[in-house]
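Participant: Sending over a structure as structure tokens; questions will come in a sec.
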Amino acid sequence: MLRVIGKRIALLIPTLFGLSILLFLWVRSLPGGPATALLGEKATPEAIARVNELYGFDRPLIAQYFTYIGKLLQGDFGVSINTGRPVLEEFATRFPATLELTIIALIFAIGVGVPLGYLAARHYGRLVDHGSVVLSLIGITVPVFFLAFILKYLFAIQWSLLPPDGRQNPRINATHYTDFYVLDGLLTGEYDAAWDAFLHLILPGLALGTIPLAIIVRITRASVLEVQNADFVRTARAKGLMERTIRGSFILRNAMLPVVTTIGLQLGLLISGAVLTETVFAFNGIGRFLRDAIFGLDYPVLQGFIIFIAIFYALINLVVDLSYSVIDPRVRVQ
Amino acid sequence: MSAILPPAAGGSAAPDDPAIDTGRGAGLWRNAFVRLRRNPQAIVGAVIIGLFLLVALLAPILAPYGGNDLPGRTEITPTTIPGPGELDGFPLGLDRFGGDVLSKLIWGAQASLLIGVVSTALGLAGGMLLGVLAGGFGGWVDNLIMRFVDILLSVPNLLLAVSIAAVLGQSAYAIMIAIGVSQIPIFARLLRSTMLSQRGADYILAAQTLGLSRRTITMSHLLPNSMGPVIVQATLTLATAVIDAAALSFLGLGGGLPQTAEWGRMLTYAQAELAVAPQLAFLPGACIAITALGFTLLGESLREALDPKTRTK
């Protein structure tokens, strides 16, 4: 197991190396070059020359690349142009918010998607089935930011049931240790703060969750449809096993493999979705920070984030691969 | 893999079905088309796309005003935006700039479909080039190209498009190229894997035995037989391209005037007025969703029509 993990991480290195070269060249090809990207478009030629000398942008590309990769390996992702703080520090304070949002979205997507997909397959061709197909089509075709608008308009503006934006009511004087607001509230015993933070998560979580929801419903449905008529299910029935055991341990468990793979693959979409969802709900996470970075061409932030996400993505896929052998013992990790 | 159903095959297969020609000349695509025509899902998709295409093409005739015109500039005050039906001559009301919403939706159809089609064509062309090189040559060429594709795939699609748009500057062309390039890896992967799965097929062996050159085999045998999944994917990608284009303009990467008639852009500026004028968000949003729905329905029916597993049903 450990050897497998080590091997997979070693395989990640060439990809990251290639990515770092691409990102390095990307920044150098920004309009006006890196100095203009740093100083903004109104920079004077003298200022640009000074920055070029200071950061070594006038040196040969190869030399610049080695300086860059050296810093990167030491965990130095540079300084954000917009805020003036180290990129890594900015991520550390905002990542919990996005992670919290993503977890809520995933809980919603899996909690609704798997049972719905399963029911659709069991009642193939009936109302539940048609309903699930329609729902997943809506989930695929309605843009997440538009859905966010609809939810915000109905639940926050029209019916005033839930807060329209932000992470927590600023009037609540909550203590924060971990920057996971719900967890903070639970840890410190400030349950009203935790509840308020949770209420703020519902609408963005629902909006973000519909992306994976649609796909989870489809894959679960297709997978259960395939498994439920398999020979081993017939054998289990012939053996006289309880229907509950057959459904739980035979059908659902065997149908889960492609579902788990899909959930892992959805993560990239979720991050892109978070940029849009957080923008609509003024939710102060990584997504909104990235949007500002996109607008202000804050290239150290974009650069750092892409590397960060690539690593995160690869690690998630590793976890997904490793979970196969738990779900299906026949799959030996190799 | 031919689509001709065995003429004497018994069971529930289609020989009794007059709509499916099992005789000579019934090719994969012709049978798929027959199936498509009988699938209500495909018809709905085709009608939606047809309607939007028509609106996009006839925009100069249909739209009462130009895309960037502000005919109702004098009717707008800081506190009032006339809604649908409140003002003569503006059936769907005005937006905060004084633009006619109906005209902007019509011109927006043109902009969105153009971006969708051009970017998908770009992605398809680039992806096919890489896919053919990788799948046709194999060996180190394949390895090199696929590692490159892996790197691109490790960056979420929208972020990749955003990074490319950042280099190209803010314009509609930048969005087209950005979305197109971000689709390349998907097409390259798909084409390569279908080509690889075909490489061991008997007809390839036959072509090799005949002494055909590698280029002829790749281009005239391998490629045409691997196009099915790619075409399905392209149809589905049109839906994502329209949504992604809207997302990029929504984030403000479209460039041009703020009142530019583009669905995603209309949503950006609807944000502040959501409480007083929700239709400014709902109308363009619905247009994006319905267009995407049309392409998705069409793509899925095409997949079903081309799938050998569903074909004998």
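The values are calculated or read from the model by the stated rules, or taken from the named source; none is laboratory data. Please read these numbers as outputs of a predicted model, since none were measured by experiment. For neighbour counting, all protein chains shown are included, and Cβ atoms are generated from backbone atoms with ideal geometry for every residue, glycine included.
Participant: Is segment A:177-184 home to any residue that is β-branched (V, I, T), assigned by the TED database to the domain that holds A:S272 and part of a helix (DSSP H, G or I)?
Facilitator: If we filter segment A:177-184 for residues that are β-branched (V, I, T), which is where we start, we get A:178, A:182.
After this cut, where a residue has to be assigned by the TED database to the domain that holds A:S272 as well, the list is A:178, A:182.
Those left that are additionally part of a helix (DSSP H, G or I): A:182.
Yes: segment A:177-184 contains one or more residues that are β-branched (V, I, T), assigned by the TED database to the domain that holds A:S272 and part of a helix (DSSP H, G or I).
Participant: Quick one: what pairs do we get from segment A:262-283, first residue more than 11 Å from every other protein chain (Cβ to nearest Cβ), second surrounded by fewer than 24 Cβ atoms within 10 Å (Cβ to Cβ) and of a type in the set (S, T, N, Q), C-beta under 8 Å, 6+ apart or different chains?
Facilitator: Between residues of segment A:262-283 that are more than 11 Å from every other protein chain (Cβ to nearest Cβ) and residues that are surrounded by fewer than 24 Cβ atoms within 10 Å (Cβ to Cβ) and of a type in the set (S, T, N, Q), the close pairs are A:G264/A:N317; A:E278/A:N284.
Participant: If the requirement is being surrounded by 16 or more Cβ atoms within 10 Å (Cβ to Cβ), part of a loop (DSSP other than H, G, I, E, B) and at pLDDT below 80, which of these qualifies: B:P82, B:P78?
Facilitator: B:P82
Participant: Follow-up. Being modelled with pLDDT under 90 and over 23 Å from A:F295 (Cα atoms): is that true of B:T310 here?
Facilitator: Judged against the criteria, B:T310 is a match.
Participant: Within segment B:124-164, track down each residue that is over 20 Å from A:G18 (Cα atoms), within 19 Å of the chain's Cα centre (by Cα) and surrounded by 18 or more Cβ atoms within 10 Å (Cβ to Cβ).
Facilitator: Matches in segment B:124-164: B:L124, B:M128.
Participant: Give me the residue from segment B:165-180 that is within 12 Å of chain A (Cβ to nearest Cβ) and in a helix (DSSP H, G or I) and, out of that set, nearest to B:G131 (Cα to Cα).
Facilitator: Within segment B:165-180, the match that is nearest to B:G131 (Cα to Cα) is B:A178.
Participant: Do you know which of the residues in segment B:134-149 that are in a helix (DSSP H, G or I) and of a type in the set (G, A, S) is farthest from the other protein chains (Cβ to nearest Cβ)?
Facilitator: This residue is B:G136.
Participant: Mind checking which residues of segment B:244-269 are aliphatic (A, V, I, L, M), within 8 Å of chain A (Cβ to nearest Cβ) and surrounded by 24 or more Cβ atoms within 10 Å (Cβ to Cβ)?
Facilitator: First, the residues of segment B:244-269 that are aliphatic (A, V, I, L, M): B:245-248, B:251, B:253, B:257, B:261, B:266-267.
Now narrow it down to the ones that are within 8 Å of chain A (Cβ to nearest Cβ): B:246-247, B:251, B:253, B:267.
Residues satisfying the conditions are B:A246, B:A247, B:L253, B:L267.
Participant: Of all residues being touching a Leu at 6+ places or on another chain (Cβ under 9 Å), modelled with pLDDT under 80 and part of a helix (DSSP H, G or I) in segment A:1-25, which is nearest to the other protein chains (Cβ to nearest Cβ)? Just the residue, please.
Facilitator: Only one residue tops the list, namely A:L12.
Participant: Considering (1) without any contact (Cβ under 8 Å) to a residue 40 or more places away in the chain; (2) more than 20 Å from the chain's Cα centre (by Cα), say which one B:L62 fails and leave the rest.
Facilitator: (1)
Participant: Would you mention how many residues in segment A:289-304 are farther than 15 Å from A:I271 by Cα, more than 7 Å from chain B (Cβ to nearest Cβ) and among the aromatic types (F, W, Y)?
Facilitator: Going through segment A:289-304 one residue at a time, the tally reaches 1.
Participant: Now for a different question. Is it the case that B:F90 is of a type outside the set (D, E), surrounded by 19 or more Cβ atoms within 10 Å (Cβ to Cβ) and closer than 19 Å to B:E273 by Cβ?
Facilitator: Taking the combined requirement at face value, the residue satisfies it.
Participant: Another question about this same structure. Can you tell me which residue within segment A:141-155, out of those that are more than 7 Å from chain B (Cβ to nearest Cβ) and free of Cβ contacts under 8 Å to residues at least 24 places away in the same chain, is farthest from B:T268 (Cα to Cα)? Show your work before the answer.
Facilitator: Filtering segment A:141-155 down to residues more than 7 Å from chain B (Cβ to nearest Cβ) leaves A:144, A:147-148, A:150-151, A:154-155.
Next, from what is left, pick out any that are free of Cβ contacts under 8 Å to residues at least 24 places away in the same chain: A:150, A:154.
Numbers: A:I150: 14, A:L154: 18 Å.
Filtering first and then ranking leaves A:L154.
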